[in-house]
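Student: Here's a structure for you.
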Amino acid sequence: SCSRAKDVTMPAKLPVNFFSTRSPVIDLFRGQLDYADQLRQDSEIVLYFFYAPWCGQSIAAREEIEHVASRLSDQVLFVAVNCWWNQGKCRKQKHFFYFPVIHLYHRSFGPIEYKGPMSAVYIEKFVRRVMTPLLYISSRSKLLDFLSNYEPGVVGFFEFNASPQPPGYLTFFTSALHSLKKDYLGTIRFGVVTDKRVAEEISLVHSGTVYLHRHANTSLIYPKDIMNFTAENICKWALENREMLIRWLRPHGGKSLLLNNELKKGPALLIFIPYNPLAEIHPLLDEITKVALEYHKCNKSQGAEPDLQHVGDSDSPAFDSSVTDAHLKFSETFPIAKYPCCNTVVLPQWHSISRTHNVCELCVNQTLGVKPNKVHVPHCNFLEIEAALDSFYLQEHTFFQVISDTIECSNFLSFYSPFSYYTACCRTVNRHFLSLISSEKTIFQTPKVAFSSHGKKDNTQFSIPHIEDRNCFIPDLNISSTNITGLSCRTNKTLNLYLLDSNLFWIYAERLGASRSTHFKEFAAIVDLKEEVHYVLDQNQSLVGPTL
(Lines give C-alpha, C1' and ligand atoms only; values in the text may rest on other atoms or scores of the structure.)
Protein backbone atom coordinates (compact mmCIF):
# COMPACT_ATOMS: atom_id res chain seq x y z
CA SER A 1 0.00 0.00 0.00
CA CYS A 2 1.27 3.48 -0.85
CA SER A 3 1.54 5.86 2.11
CA ARG A 4 1.17 9.56 1.33
CA ALA A 5 4.47 11.48 1.25
CA LYS A 6 4.89 13.91 4.15
CA ASP A 7 5.38 17.64 3.50
CA VAL A 8 9.03 18.56 3.82
CA THR A 9 9.93 22.09 4.95
CA MET A 10 13.45 23.27 4.34
CA PRO A 11 14.80 25.09 7.41
CA ALA A 12 16.00 28.67 6.94
CA LYS A 13 19.72 29.02 6.24
CA LEU A 14 21.83 30.26 9.09
CA PRO A 15 22.43 34.01 8.83
CA VAL A 16 25.85 35.31 7.78
CA ASN A 17 27.69 38.59 8.28
CA PHE A 18 25.90 41.55 6.69
CA PHE A 19 28.75 44.00 7.33
CA SER A 20 32.39 43.25 6.62
CA THR A 21 34.44 41.96 9.57
CA ARG A 22 36.78 44.95 9.06
CA SER A 23 33.87 47.40 9.34
CA PRO A 24 33.65 49.77 12.36
CA VAL A 25 30.01 48.60 12.69
CA ILE A 26 29.42 45.74 15.17
CA ASP A 27 27.25 43.26 13.24
CA LEU A 28 24.92 41.10 15.40
CA PHE A 29 23.74 39.01 12.46
CA ARG A 30 22.02 36.41 14.68
CA GLY A 31 19.73 39.10 16.15
CA GLN A 32 21.29 39.13 19.64
CA LEU A 33 19.20 41.98 21.06
CA ASP A 34 20.21 41.28 24.68
CA TYR A 35 23.89 41.71 23.76
CA ALA A 36 23.02 44.92 21.90
CA ASP A 37 21.45 46.32 25.11
CA GLN A 38 24.52 45.30 27.05
CA LEU A 39 26.79 47.23 24.68
CA ARG A 40 24.68 50.33 25.20
CA GLN A 41 25.46 50.53 28.90
CA ASP A 42 29.11 51.46 28.26
CA SER A 43 28.61 54.11 25.55
CA GLU A 44 27.30 57.66 25.62
CA ILE A 45 25.91 57.69 22.06
CA VAL A 46 24.74 54.48 20.33
CA LEU A 47 23.26 54.02 16.85
CA TYR A 48 21.28 50.83 16.18
CA PHE A 49 20.78 49.80 12.56
CA PHE A 50 18.01 47.16 12.38
CA TYR A 51 18.04 45.40 9.02
CA ALA A 52 16.67 42.49 7.00
CA PRO A 53 19.48 40.89 4.93
CA TRP A 54 17.24 40.43 1.85
CA CYS A 55 15.86 43.98 1.88
CA GLY A 56 17.00 46.27 -0.96
CA GLN A 57 16.81 49.42 1.18
CA SER A 58 18.87 47.77 3.93
CA ILE A 59 21.52 46.78 1.39
CA ALA A 60 21.59 50.31 -0.09
CA ALA A 61 21.80 51.95 3.37
CA ARG A 62 24.60 49.62 4.51
CA GLU A 63 27.26 51.58 2.60
CA GLU A 64 25.90 54.92 3.93
CA ILE A 65 26.04 53.66 7.54
CA GLU A 66 29.60 52.38 7.05
CA HIS A 67 30.60 55.80 5.70
CA VAL A 68 29.16 57.60 8.75
CA ALA A 69 30.73 55.03 11.10
CA SER A 70 34.17 55.55 9.54
CA ARG A 71 33.88 59.27 10.46
CA LEU A 72 32.30 59.03 13.91
CA SER A 73 33.21 55.61 15.33
CA ASP A 74 35.57 57.21 17.90
CA GLN A 75 32.58 59.05 19.47
CA VAL A 76 29.58 56.88 18.59
CA LEU A 77 29.02 53.13 18.89
CA PHE A 78 27.48 51.66 15.72
CA VAL A 79 25.58 48.38 16.17
CA ALA A 80 23.78 46.55 13.33
CA VAL A 81 21.16 43.93 14.30
CA ASN A 82 19.58 41.34 11.97
CA CYS A 83 15.89 41.60 12.83
CA TRP A 84 14.72 39.04 10.30
CA TRP A 85 16.17 35.68 11.39
CA ASN A 86 13.31 33.80 13.03
CA GLN A 87 15.49 32.32 15.82
CA GLY A 88 16.92 35.68 16.85
CA LYS A 89 15.66 37.67 19.85
CA CYS A 90 15.25 40.81 17.73
CA ARG A 91 12.65 39.14 15.47
CA LYS A 92 10.78 37.82 18.52
CA GLN A 93 10.72 41.09 20.45
CA LYS A 94 10.57 43.84 17.79
CA HIS A 95 7.78 44.17 15.25
CA PHE A 96 8.91 46.53 12.52
CA PHE A 97 6.70 47.34 9.54
CA TYR A 98 9.64 48.34 7.33
CA PHE A 99 13.42 48.07 7.05
CA PRO A 100 15.92 49.49 7.74
CA VAL A 101 15.16 51.19 11.07
CA ILE A 102 17.68 53.48 12.77
CA HIS A 103 17.44 54.17 16.52
CA LEU A 104 19.73 56.47 18.47
CA TYR A 105 20.36 56.65 22.21
CA HIS A 106 21.94 59.51 24.16
CA ARG A 107 22.95 57.77 27.39
CA SER A 108 19.66 56.47 28.81
CA PHE A 109 17.48 58.72 26.63
CA GLY A 110 15.94 56.99 23.64
CA PRO A 111 15.12 55.54 21.29
CA ILE A 112 15.21 58.54 18.94
CA GLU A 113 14.14 57.19 15.56
CA TYR A 114 15.76 58.63 12.45
CA LYS A 115 13.22 58.96 9.62
CA GLY A 116 15.17 61.11 7.17
CA PRO A 117 16.81 60.20 3.84
CA MET A 118 19.10 57.15 3.91
CA SER A 119 22.02 59.28 2.80
CA ALA A 120 25.34 59.47 4.69
CA VAL A 121 25.40 63.29 5.02
CA TYR A 122 21.85 63.42 6.43
CA ILE A 123 22.42 60.53 8.83
CA GLU A 124 25.69 62.10 10.05
CA LYS A 125 24.01 65.47 10.57
CA PHE A 126 21.28 63.85 12.67
CA VAL A 127 23.78 61.85 14.73
CA ARG A 128 25.73 65.05 15.42
CA ARG A 129 22.51 66.77 16.55
CA VAL A 130 21.90 63.91 19.00
CA MET A 131 25.53 64.15 20.20
CA THR A 132 25.24 67.90 20.87
CA PRO A 133 21.54 68.80 21.12
CA LEU A 134 22.45 72.21 22.60
CA LEU A 135 24.60 74.76 20.81
CA TYR A 136 26.82 76.83 23.12
CA ILE A 137 26.39 80.54 22.35
CA SER A 138 29.41 82.34 23.76
CA SER A 139 29.30 85.78 22.13
CA ARG A 140 26.98 88.39 20.62
CA SER A 141 28.03 87.50 17.04
CA LYS A 142 27.22 83.81 17.67
CA LEU A 143 23.85 84.86 19.05
CA LEU A 144 23.20 86.91 15.89
CA ASP A 145 24.08 83.90 13.71
CA PHE A 146 21.87 81.63 15.78
CA LEU A 147 18.81 83.92 15.68
CA SER A 148 19.11 84.93 12.03
CA ASN A 149 18.77 81.31 10.87
CA TYR A 150 15.58 80.37 9.01
CA GLU A 151 14.94 77.54 11.50
CA PRO A 152 13.19 78.46 14.77
CA GLY A 153 15.61 78.97 17.67
CA VAL A 154 15.08 78.32 21.39
CA VAL A 155 17.61 79.93 23.74
CA GLY A 156 18.04 79.02 27.40
CA PHE A 157 19.96 81.31 29.77
CA PHE A 158 21.74 79.49 32.60
CA GLU A 159 24.44 80.95 34.84
CA PHE A 160 27.01 78.29 35.70
CA ASN A 161 28.00 79.63 39.12
CA ALA A 162 26.33 76.85 41.06
CA SER A 163 27.86 73.38 41.12
CA PRO A 164 27.58 71.05 39.30
CA GLN A 165 24.81 72.58 37.11
CA PRO A 166 22.31 75.41 37.51
CA PRO A 167 18.72 74.40 38.27
CA GLY A 168 16.70 73.57 35.17
CA TYR A 169 19.70 73.05 32.87
CA LEU A 170 19.33 69.25 32.58
CA THR A 171 15.59 69.68 31.94
CA PHE A 172 16.37 72.11 29.11
CA PHE A 173 19.02 69.71 27.72
CA THR A 174 16.49 66.85 27.72
CA SER A 175 13.86 69.03 26.01
CA ALA A 176 16.26 69.43 23.06
CA LEU A 177 16.46 65.61 22.79
CA HIS A 178 12.66 65.41 23.01
CA SER A 179 12.34 67.78 20.06
CA LEU A 180 14.59 65.50 17.95
CA LYS A 181 12.41 62.56 18.93
CA LYS A 182 9.19 64.34 17.95
CA ASP A 183 10.50 66.21 14.90
CA TYR A 184 13.03 64.11 12.98
CA LEU A 185 13.69 66.99 10.54
CA GLY A 186 15.32 68.77 13.47
CA THR A 187 13.72 72.08 12.60
CA ILE A 188 14.00 73.62 16.08
CA ARG A 189 17.53 74.55 17.16
CA PHE A 190 18.33 74.74 20.86
CA GLY A 191 21.06 77.03 22.18
CA VAL A 192 22.37 77.88 25.63
CA VAL A 193 23.77 81.21 26.84
CA THR A 194 25.86 81.38 30.02
CA ASP A 195 27.09 84.98 29.79
CA LYS A 196 24.80 87.57 31.38
CA ARG A 197 25.83 90.32 28.93
CA VAL A 198 25.00 88.15 25.91
CA ALA A 199 21.65 87.20 27.46
CA GLU A 200 20.78 90.89 27.94
CA GLU A 201 20.89 91.33 24.14
CA ILE A 202 17.57 89.46 24.00
CA SER A 203 16.31 90.91 27.32
CA LEU A 204 16.96 87.75 29.38
CA VAL A 205 17.82 88.67 32.97
CA HIS A 206 17.03 85.70 35.20
CA SER A 207 18.93 82.41 35.03
CA GLY A 208 16.70 79.55 33.92
CA THR A 209 14.73 81.65 31.40
CA VAL A 210 13.83 80.02 28.07
CA TYR A 211 13.27 82.23 24.99
CA LEU A 212 11.69 81.29 21.63
CA HIS A 213 12.85 83.58 18.81
CA ARG A 214 10.42 84.47 16.00
CA HIS A 215 11.10 86.73 13.02
CA ALA A 216 7.63 87.87 11.92
CA ASN A 217 5.77 87.55 15.21
CA THR A 218 6.64 88.58 18.76
CA SER A 219 9.22 86.33 20.40
CA LEU A 220 8.11 84.45 23.51
CA ILE A 221 9.39 83.65 27.01
CA TYR A 222 8.47 80.24 28.46
CA PRO A 223 5.59 80.84 30.94
CA LYS A 224 6.87 79.07 34.07
CA ASP A 225 3.96 80.38 36.15
CA ILE A 226 1.38 78.68 33.88
CA MET A 227 3.22 75.52 32.73
CA ASN A 228 5.41 73.19 34.78
CA PHE A 229 9.09 73.39 33.83
CA THR A 230 9.47 69.89 32.36
CA ALA A 231 11.33 68.69 29.25
CA GLU A 232 8.10 67.53 27.55
CA ASN A 233 6.35 70.85 28.25
CA ILE A 234 9.24 72.98 26.90
CA CYS A 235 9.37 70.85 23.74
CA LYS A 236 5.57 70.97 23.29
CA TRP A 237 5.52 74.77 23.85
CA ALA A 238 8.31 75.32 21.30
CA LEU A 239 6.68 73.07 18.67
CA GLU A 240 3.26 74.71 19.10
CA ASN A 241 4.54 78.30 18.96
CA ARG A 242 7.38 77.99 16.43
CA GLU A 243 7.30 80.04 13.27
CA MET A 244 7.86 78.17 10.03
CA LEU A 245 8.97 80.62 7.33
CA ILE A 246 10.29 77.82 5.14
CA ARG A 247 9.56 74.11 5.41
CA TRP A 248 11.69 71.24 4.13
CA LEU A 249 9.84 68.52 2.24
CA ARG A 250 11.47 65.09 2.23
CA PRO A 251 9.26 62.44 0.59
CA HIS A 252 10.37 59.02 1.83
CA GLY A 253 10.04 57.27 -1.54
CA GLY A 254 7.01 55.13 -0.75
CA LYS A 255 3.35 55.98 -1.23
CA SER A 256 2.57 59.09 0.74
CA LEU A 257 0.20 62.06 0.98
CA LEU A 258 2.99 64.45 1.99
CA LEU A 259 2.85 66.69 -1.10
CA ASN A 260 -0.93 66.49 -1.35
CA ASN A 261 -1.41 67.55 2.28
CA GLU A 262 0.90 70.55 1.89
CA LEU A 263 -0.46 71.70 -1.47
CA LYS A 264 -4.03 71.56 -0.15
CA LYS A 265 -3.09 74.33 2.31
CA GLY A 266 -2.82 76.87 -0.52
CA PRO A 267 -0.47 78.11 -3.25
CA ALA A 268 3.06 76.78 -2.74
CA LEU A 269 6.45 78.03 -3.85
CA LEU A 270 8.63 74.92 -4.27
CA ILE A 271 12.34 75.67 -4.41
CA PHE A 272 14.81 72.94 -5.37
CA ILE A 273 18.41 73.56 -4.28
CA PRO A 274 21.43 71.26 -3.96
CA TYR A 275 21.85 70.96 -0.19
CA ASN A 276 24.66 69.56 1.92
CA PRO A 277 23.53 69.46 5.56
CA LEU A 278 27.14 69.23 6.78
CA ALA A 279 28.31 72.40 5.02
CA GLU A 280 29.33 75.31 7.27
CA ILE A 281 27.66 77.98 5.13
CA HIS A 282 24.67 77.91 2.76
CA PRO A 283 24.72 81.11 0.65
CA LEU A 284 21.77 80.05 -1.52
CA LEU A 285 19.71 79.22 1.55
CA ASP A 286 20.59 82.63 3.03
CA GLU A 287 19.26 84.31 -0.14
CA ILE A 288 15.98 82.39 0.13
CA THR A 289 15.77 83.20 3.85
CA LYS A 290 16.09 86.94 3.05
CA VAL A 291 13.17 86.70 0.62
CA ALA A 292 11.09 84.71 3.14
CA LEU A 293 11.79 87.23 5.91
CA GLU A 294 10.80 90.17 3.71
CA TYR A 295 7.69 88.35 2.51
CA HIS A 296 6.53 87.67 6.09
CA LYS A 297 7.60 91.01 7.60
CA CYS A 298 4.09 92.34 8.22
CA ASN A 299 4.34 94.35 11.42
CA LYS A 300 6.51 97.43 10.87
CA SER A 301 6.24 98.60 14.50
CA GLN A 302 8.35 95.94 16.16
CA GLY A 303 9.94 98.33 18.62
CA ALA A 304 9.96 95.84 21.46
CA GLU A 305 11.88 93.31 19.40
CA PRO A 306 15.69 93.43 19.51
CA ASP A 307 17.10 94.28 16.09
CA LEU A 308 19.06 91.09 15.56
CA GLN A 309 18.03 90.08 12.08
CA HIS A 310 21.18 90.89 10.19
CA VAL A 311 20.30 88.32 7.52
CA GLY A 312 17.20 90.35 6.70
CA ASP A 313 19.22 93.53 6.11
CA SER A 314 20.04 93.97 2.46
CA ASP A 315 21.54 96.61 0.25
CA SER A 316 19.63 95.39 -2.78
CA PRO A 317 16.87 97.69 -4.05
CA ALA A 318 14.37 94.84 -3.79
CA PHE A 319 14.38 95.33 -0.02
CA ASP A 320 14.25 99.13 0.12
CA SER A 321 12.30 100.30 3.16
CA SER A 322 11.50 103.71 1.65
CA VAL A 323 9.71 101.90 -1.17
CA THR A 324 7.77 99.93 1.46
CA ASP A 325 6.58 103.07 3.25
CA ALA A 326 5.51 104.61 -0.06
CA HIS A 327 3.56 101.44 -0.86
CA LEU A 328 1.84 101.45 2.51
CA LYS A 329 0.89 105.12 2.37
CA PHE A 330 -0.37 104.78 -1.16
CA SER A 331 -2.46 101.71 -0.51
CA GLU A 332 -4.05 103.44 2.47
CA THR A 333 -5.06 106.39 0.29
CA PHE A 334 -6.49 104.36 -2.59
CA PRO A 335 -7.58 101.03 -1.14
CA ILE A 336 -9.33 99.33 -4.05
CA ALA A 337 -9.02 101.77 -6.94
CA LYS A 338 -8.68 100.02 -10.29
CA TYR A 339 -7.72 101.20 -13.72
CA PRO A 340 -8.97 98.66 -16.23
CA CYS A 341 -7.38 98.44 -19.63
CA CYS A 342 -9.91 96.85 -21.98
CA ASN A 343 -10.26 95.52 -25.51
CA THR A 344 -13.10 93.72 -27.25
CA VAL A 345 -12.92 90.26 -28.78
CA VAL A 346 -15.46 88.61 -31.07
CA LEU A 347 -15.63 84.86 -30.69
CA PRO A 348 -16.22 82.73 -33.79
CA GLN A 349 -19.92 82.00 -34.34
CA TRP A 350 -21.17 78.90 -32.60
CA HIS A 351 -22.59 77.27 -35.75
CA SER A 352 -22.62 78.15 -39.45
CA ILE A 353 -26.42 78.61 -39.46
CA SER A 354 -26.40 80.65 -36.26
CA ARG A 355 -26.94 84.39 -36.54
CA THR A 356 -25.37 85.23 -33.17
CA HIS A 357 -21.86 85.96 -32.00
CA ASN A 358 -20.42 86.11 -28.52
CA VAL A 359 -18.70 89.42 -27.90
CA CYS A 360 -16.28 89.50 -25.01
CA GLU A 361 -14.80 92.51 -23.30
CA LEU A 362 -11.30 91.64 -22.13
CA CYS A 363 -9.76 93.75 -19.37
CA VAL A 364 -6.46 93.85 -17.53
CA ASN A 365 -7.36 94.79 -13.97
CA GLN A 366 -4.65 96.17 -11.74
CA THR A 367 -4.97 97.41 -8.21
CA LEU A 368 -3.71 100.90 -7.56
CA GLY A 369 -1.44 101.21 -4.60
CA VAL A 370 0.83 98.49 -5.85
CA LYS A 371 3.05 100.71 -7.92
CA PRO A 372 3.08 104.15 -6.28
CA ASN A 373 5.07 105.68 -9.14
CA LYS A 374 2.28 105.00 -11.63
CA VAL A 375 -0.96 106.69 -10.70
CA HIS A 376 -2.50 107.08 -14.15
CA VAL A 377 -2.21 104.92 -17.25
CA PRO A 378 -2.22 107.00 -20.44
CA HIS A 379 -2.76 104.03 -22.72
CA CYS A 380 -3.21 100.27 -22.63
CA ASN A 381 -0.04 98.28 -22.64
CA PHE A 382 0.03 96.22 -25.84
CA LEU A 383 2.00 93.35 -24.29
CA GLU A 384 -0.44 93.02 -21.40
CA ILE A 385 -3.40 92.89 -23.78
CA GLU A 386 -1.55 90.34 -25.93
CA ALA A 387 -0.92 88.16 -22.88
CA ALA A 388 -4.51 88.57 -21.73
CA LEU A 389 -5.69 87.40 -25.14
CA ASP A 390 -3.36 84.42 -24.98
CA SER A 391 -4.83 83.42 -21.63
CA PHE A 392 -8.35 84.13 -22.85
CA TYR A 393 -8.08 81.90 -25.93
CA LEU A 394 -6.87 79.07 -23.72
CA GLN A 395 -10.15 79.38 -21.81
CA GLU A 396 -12.55 80.60 -24.48
CA HIS A 397 -14.66 77.41 -24.25
CA THR A 398 -16.02 78.90 -21.02
CA PHE A 399 -17.92 81.50 -23.08
CA PHE A 400 -19.33 79.32 -25.88
CA GLN A 401 -23.09 79.71 -25.40
CA VAL A 402 -25.59 79.51 -28.26
CA ILE A 403 -27.70 82.32 -26.80
CA SER A 404 -27.08 84.08 -23.53
CA ASP A 405 -29.07 87.04 -22.25
CA THR A 406 -26.82 87.71 -19.29
CA ILE A 407 -23.31 89.08 -19.25
CA GLU A 408 -20.96 86.40 -17.94
CA CYS A 409 -17.56 87.22 -16.43
CA SER A 410 -14.51 85.17 -15.66
CA ASN A 411 -11.19 86.09 -14.03
CA PHE A 412 -7.95 84.35 -14.86
CA LEU A 413 -4.24 84.81 -14.34
CA SER A 414 -1.39 84.51 -16.78
CA PHE A 415 1.37 84.83 -14.22
CA TYR A 416 1.37 84.70 -10.46
CA SER A 417 0.59 88.19 -9.20
CA PRO A 418 -1.59 89.24 -6.29
CA PHE A 419 -2.09 92.64 -7.93
CA SER A 420 -3.30 92.15 -11.50
CA TYR A 421 -5.57 89.71 -13.27
CA TYR A 422 -7.52 89.48 -16.51
CA THR A 423 -11.29 89.75 -16.62
CA ALA A 424 -13.36 88.63 -19.60
CA CYS A 425 -17.07 89.55 -19.70
CA CYS A 426 -19.12 88.11 -22.56
CA ARG A 427 -22.56 88.74 -23.98
CA THR A 428 -24.34 87.39 -27.04
CA VAL A 429 -25.08 89.89 -29.84
CA ASN A 430 -27.07 89.59 -33.05
CA ARG A 431 -25.05 89.30 -36.27
CA HIS A 432 -26.91 92.30 -37.78
CA PHE A 433 -25.86 94.48 -34.83
CA LEU A 434 -22.30 93.24 -35.17
CA SER A 435 -22.03 94.10 -38.84
CA LEU A 436 -23.56 97.51 -38.15
CA ILE A 437 -21.00 98.45 -35.52
CA SER A 438 -18.14 96.94 -37.51
CA SER A 439 -18.90 99.26 -40.40
CA GLU A 440 -18.56 102.23 -38.06
CA LYS A 441 -14.96 101.16 -37.27
CA THR A 442 -15.49 101.07 -33.52
CA ILE A 443 -13.32 99.32 -31.01
CA PHE A 444 -15.28 96.11 -31.59
CA GLN A 445 -12.75 95.13 -34.24
CA THR A 446 -10.84 92.06 -33.22
CA PRO A 447 -7.13 92.85 -32.88
CA LYS A 448 -4.97 90.82 -35.26
CA VAL A 449 -2.73 89.74 -32.43
CA ALA A 450 -5.68 87.94 -30.87
CA PHE A 451 -5.14 85.05 -33.25
CA SER A 452 -1.44 84.59 -32.49
CA SER A 453 -0.95 81.06 -31.24
CA HIS A 454 0.05 80.72 -27.61
CA GLY A 455 1.68 77.37 -28.22
CA LYS A 456 3.75 78.11 -31.32
CA LYS A 457 7.36 79.20 -31.11
CA ASP A 458 8.14 81.91 -33.60
CA ASN A 459 11.85 82.54 -34.07
CA THR A 460 11.47 85.69 -36.14
CA GLN A 461 12.85 88.90 -34.74
CA PHE A 462 9.35 90.42 -34.68
CA SER A 463 7.89 87.77 -32.34
CA ILE A 464 6.17 89.30 -29.33
CA PRO A 465 7.29 88.04 -25.92
CA HIS A 466 4.81 86.61 -23.47
CA ILE A 467 3.95 88.45 -20.25
CA GLU A 468 6.78 86.88 -18.24
CA ASP A 469 9.35 88.61 -20.46
CA ARG A 470 7.86 92.07 -20.12
CA ASN A 471 10.59 93.41 -17.80
CA CYS A 472 12.76 94.08 -20.87
CA PHE A 473 10.13 96.35 -22.42
CA ILE A 474 8.31 98.12 -19.62
CA PRO A 475 10.56 100.42 -17.61
CA ASP A 476 8.36 100.64 -14.53
CA LEU A 477 8.25 96.87 -14.05
CA ASN A 478 11.93 96.24 -13.52
CA ILE A 479 13.14 94.15 -10.60
CA SER A 480 14.21 97.08 -8.50
CA SER A 481 10.65 98.39 -8.16
CA THR A 482 9.25 95.02 -7.11
CA ASN A 483 8.54 95.11 -3.41
CA ILE A 484 7.48 92.05 -1.45
CA THR A 485 7.83 93.35 2.11
CA GLY A 486 4.88 92.09 4.14
CA LEU A 487 3.19 90.68 1.05
CA SER A 488 1.94 87.63 2.94
CA CYS A 489 -0.36 89.94 4.94
CA ARG A 490 -1.24 92.46 2.22
CA THR A 491 -2.97 89.97 -0.09
CA ASN A 492 -5.16 86.93 0.34
CA LYS A 493 -2.86 84.85 -1.87
CA THR A 494 -0.30 83.88 0.74
CA LEU A 495 2.35 81.52 -0.59
CA ASN A 496 3.71 78.70 1.52
CA LEU A 497 7.46 78.30 0.95
CA TYR A 498 8.96 74.83 0.66
CA LEU A 499 12.49 73.58 0.09
CA LEU A 500 13.50 70.28 -1.51
CA ASP A 501 17.01 68.92 -1.89
CA SER A 502 17.63 68.63 -5.64
CA ASN A 503 20.36 66.02 -5.01
CA LEU A 504 17.63 63.67 -3.75
CA PHE A 505 14.35 64.83 -5.31
CA TRP A 506 15.22 66.24 -8.74
CA ILE A 507 12.66 63.90 -10.34
CA TYR A 508 9.92 66.05 -8.76
CA ALA A 509 11.46 69.17 -10.33
CA GLU A 510 11.44 67.46 -13.74
CA ARG A 511 7.76 66.61 -13.32
CA LEU A 512 7.13 70.30 -12.60
CA GLY A 513 8.93 71.43 -15.76
CA ALA A 514 12.66 71.53 -14.96
CA SER A 515 15.10 70.70 -17.71
CA ARG A 516 16.88 67.34 -17.46
CA SER A 517 20.03 68.59 -19.15
CA THR A 518 20.77 71.37 -16.67
CA HIS A 519 24.15 71.40 -14.90
CA PHE A 520 22.93 73.47 -11.95
CA LYS A 521 20.18 71.64 -10.14
CA GLU A 522 18.34 74.80 -9.10
CA PHE A 523 14.66 75.26 -9.84
CA ALA A 524 11.60 77.11 -8.55
CA ALA A 525 7.90 76.68 -9.29
CA ILE A 526 4.65 77.98 -7.84
CA VAL A 527 1.87 75.40 -7.68
CA ASP A 528 -1.70 76.49 -7.03
CA LEU A 529 -4.06 73.50 -6.84
CA LYS A 530 -7.21 75.59 -6.37
CA GLU A 531 -6.62 77.58 -9.55
CA GLU A 532 -5.21 74.48 -11.30
CA VAL A 533 -2.13 76.35 -12.48
CA HIS A 534 1.58 76.29 -11.90
CA TYR A 535 4.31 78.76 -12.78
CA VAL A 536 7.93 78.00 -13.53
CA LEU A 537 10.90 80.30 -12.97
CA ASP A 538 13.07 80.56 -16.09
CA GLN A 539 16.03 78.23 -15.52
CA ASN A 540 18.34 80.60 -17.40
CA GLN A 541 17.94 83.06 -14.52
CA SER A 542 20.06 82.43 -11.44
CA LEU A 543 18.17 81.56 -8.28
CA VAL A 544 18.92 84.68 -6.21
CA GLY A 545 16.82 86.97 -4.01
CA PRO A 546 15.73 89.61 -6.57
CA THR A 547 14.87 86.95 -9.19
CA LEU A 548 12.73 85.08 -6.69
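Student: Once fully extended, how much extra length lies between Glu531 and Asn86, figured as 0.36 nm per residue of separation less the alpha-carbon to alpha-carbon distance?
Tutor: 154.9 nm
Student: For an R0 of 30 angstrom, estimate the FRET efficiency from the Cβ-Cβ distance between Leu14 and Thr230 and round to the nearest 0.05. Each step should come with its number before you reach the end.
Tutor: Details: r = 48 Å, r/R0 = 1.59.
Computed FRET efficiency for Leu14 and Thr230: 0.05.
Student: If you don't mind, another one. Extending each Cα 7 Å along its Cβ direction at His67 and Ala279, get the distance between those two points in nm, one decimal.
Tutor: Rounded to a tenth, the inter-label distance reads 1.6 nm.
Student: Give the accessible area for His215 in Å² (nearest 10); use a 1.4 Å probe, count only protein heavy atoms, and leave out ligands, DNA and RNA.
Tutor: Spelled out: His215, probe radius 1.4 Å, area about 20 Å².
Student: Another question, if that's okay. Between Lys94 and Tyr136, what FRET efficiency follows from the Cβ-Cβ distance if R0 is 35 Å, with the result rounded to 0.05?
Tutor: 0.45
Student: Can you give me the solvent accessible area of Glu294 with a 1.4 Å probe, rounded to the nearest 10 Å²?
Tutor: Surface open to solvent at Glu294 totals about 10 Å².
Student: Tabulate in residue order the Karplus-calculated ³J(HN,Hα) for the stretch 28-45, using 6.51 cos²θ - 1.76 cosθ + 1.60 with θ = phi - 60°, rounded to whole Hz; enter x for Gly and Pro.
Tutor: Going residue by residue, I get 9, 6, 9, x, 6, 5, 4, 5, 4, 5, 5, 4, 5, 4, 9, 10, 6, 10 Hz, with x marking Gly and Pro.
Student: Which length gain, in nm to one decimal place, applies between Leu259 and Ile221 when the Cα-Cα distance is subtracted from 0.36 nm times their residue separation?
Tutor: Gain in length upon complete extension: 10.3 nm.
Student: Per residue, how much accessible area does the stretch 133-244 show when a 1.4 Å probe rolls over the protein heavy atoms, in square angstrom? Please list the in-between numbers first.
Tutor: Values: 5050 Å² over 112 residues.
Value for the stretch 133-244: 45 Å² per residue.
Student: Continuing with this model, one more query. For a quick check of understanding: with a 1.4 angstrom probe and all protein chains in place, what accessible area in square angstrom does Asp528 have, to the nearest ten?
Tutor: 20
Student: What do you get for trypsin sites (Lys or Arg not before Pro) in the stretch 499-546 restricted to DSSP loop and a cutoff of at most 13 other Cβ within 10 Å of the site's Cβ?
Tutor: Arg516, Lys530
Student: Scan around Gly486 for amide H atoms under 5 Å from its own, H built in the peptide plane at 1.01 Å from N, and keep only partners 5 or more places away or cross-chain.
Tutor: Tyr295, His296, Lys297
Student: Something else about it: Counting only protein chains, not ligands or nucleic acids, how are Met10, Met227 ordered by accessible area (probe 1.4 Å), most first?
Tutor: Met10, Met227
Student: Please report the base-10 log of the normalised intensity I(q)/I(0) for the stretch 10-132, using a Debye sum with one equal scatterer per alpha carbon and no solvent, at each q in 0.17 (1/Å).
Tutor: Taking Cα atoms of the stretch 10-132 as identical point scatterers yields -0.81.
Student: Mind jotting down the distance between the C-alpha centroids of the stretch 85-107 and the stretch 59-84, whole Å?
Tutor: Spelled out, the Cα-based centre of one part sits 15 Å from the other.
Student: Quick check on my link table: of Lys224/Lys264; Lys125/Lys521; Lys142/Lys530; Lys89/Lys236; Lys115/Lys196; Lys92/Lys264, which ones sit more than 32 Å apart, alpha carbon to alpha carbon?
Tutor: Lys224/Lys264; Lys142/Lys530; Lys89/Lys236; Lys115/Lys196; Lys92/Lys264
Student: Using a probe radius of 1.4 Å on heavy atoms only, what accessible surface per residue do you get for the stretch 10-132? Whole Å² is fine. Walk me through the numbers before you get to the answer.
Tutor: Working: 6480 Å² over 123 residues.
Per residue, the stretch 10-132 has 53 Å² of solvent-accessible surface.
Student: Fully extended, how many nm does the chain gain between Asp538 and Thr187 (0.36 nm per residue separation, minus their Cα-Cα distance)?
Tutor: 123.4 nm
Student: Go through Cys235, Leu245, Ile221 and say which Cα lies farthest out towards the positive end of the charge dipole of the stretch 160-247; charges sit on Cβ, +1 for Lys and Arg, -1 for Asp and Glu.
Tutor: Towards the positive end, the residue furthest out is Leu245.
The values are calculated or read from the model by the stated rules, or taken from the named source; none is laboratory data. None of these values were measured; they are calculated from a predicted model. Cβ: placed from backbone, ideal geometry, glycine included. Neighbour counts: every protein chain shown. SASA here: full protein model, heavy atoms, side chains in, ligands and nucleic acids out. Shrake-Rupley method; radii C 1.70, N 1.55, O 1.52, S 1.80 Å.
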